[in-house]
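Asks: So that we are looking at the same thing, I have put the structure below in structure tokens.
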Amino acid sequence: MDGAAGRVAGGPPRLRYTPPRPIRALRAVSSMILPRYRIAASTIGGAGQGLFLDEAVRAGSIITAPDAIDRTWRHDELNTDPELAAQRHACARWFEDRYTVSPDWPDECYVNHSFSPTGLWYLGFIFALADLPAGTEVTVDYRHLLPPGEAEDFVDSVTGETIVGLAWEDALASSTQALGRLLDSRR
């Protein structure tokens, strides 16, 4: 065996077992979430787990930022490819007709929906909509993440209203205006 190459002389390379890193190490290395945070029981009825801030965040600050997004998919690909269709629950609209798929369920997937969110989804970033104290659950309006006209599998827990994806132009215009107002308020 050639130890340096990891193969038996003349044979194919051997696969070596590498034990998985602990979850905490993975979070520190690959997280899109910028402030310190924790995953805990959501304050939203029926939501399961939620993402909570462990430190205060100033209005207009970025809470999550895109990281290690290697690919986006067209909406029609999500519907016609059986493997992708099976992962629809793990999709989010990134821009126009392009979606990310996160079947590994990273911690940023614990950001829950609210029609009165604490965060603003803008092209894959989440900005704090107000000064948020430690302990705040991070939420966004899922209408910005869903395909146009597509209803979420659940209703808003506060209003009972159906959560339906906005047209791209409407989602972009409203989030751009909200971000502009938010950043103007910081000056």
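Asks: Just the C-alpha atoms of region 67-187: what Rg/Rh do they give, with Rh taken as the Kirkwood radius?
Replies: 0.96
Asks: Please go through region 104-186 and write out the GluC sites (Glu not before Pro) that DSSP classes as loop and that have at most 16 other C-beta atoms within 10 Å.
Replies: Those satisfying the criteria are 150, 161.
Asks: Taking only C-alpha pairs under 8 Å that are 6+ residues apart, what is the relative contact order of region 23-185 in percent?
Replies: With pairs under 8 Å counted, the relative contact order is 24 percent.
Asks: Apply the Karplus parameterisation 6.51 cos²θ - 1.76 cosθ + 1.60, with θ equal to phi minus 60°, to every residue of region 46-62 and state each ³J(HN,Hα) to the nearest whole Hz, in sequence, with x for glycine and proline.
Replies: Those phi angles translate into x, 7, x, 8, x, 9, 10, 6, 9, 8, 5, 10, 6, 3, x, 6, 7 Hz.
Asks: Apply the Karplus parameterisation 6.51 cos²θ - 1.76 cosθ + 1.60, with θ equal to phi minus 60°, to every residue of region 128-143 and state each ³J(HN,Hα) to the nearest whole Hz, in sequence, with x for glycine and proline.
Replies: So the J values, rounded to whole Hz, are 5, 7, 8, 5, 10, x, 4, x, 6, 7, 7, 9, 9, 7, 4, 4.
Asks: Turning to a different aspect of this structure: If we sort 66-72, 40-46 on the protection proxy, mean other Cβ atoms within 10 Å, highest first, what's the order?
Replies: 40-46, 66-72
Asks: So for each of 124-132, 82-90 I average, over its residues, the number of other beta carbons within 10 Å; can you give me the resulting order with the highest mean first? Present the calculation step by step, with values, prior to reporting the outcome.
Replies: Working: 124-132: 19.1, 82-90: 12.1.
Taking the mean over residues of other Cβ atoms within 10 Å, the ranking is 124-132, 82-90.
Asks: Please list, in chain and number order, the residues 5+ apart from residue 139 or on another chain whose amide H is under 5 Å from its amide H, with Hs placed from the backbone.
Replies: 118, 119
Asks: Determine ³J(HN,Hα), in whole Hz, for all residues of region 66-81 in sequence, where each value follows from phi through the Karplus function 6.51 cos²θ - 1.76 cosθ + 1.60 and θ = phi - 60°; x replaces Gly and Pro.
Replies: x, 7, 6, 8, 8, 6, 10, 10, 6, 4, 5, 5, 5, 8, 9, 8
Just so you know, all these numbers are worked out from the coordinates, no wet-lab data involved. Bear in mind that the values here come from a model prediction, so they are computed numbers and not experimental data. Counting neighbours? That spans all protein chains shown, and the Cβs are built from the backbone with ideal geometry, glycine included.
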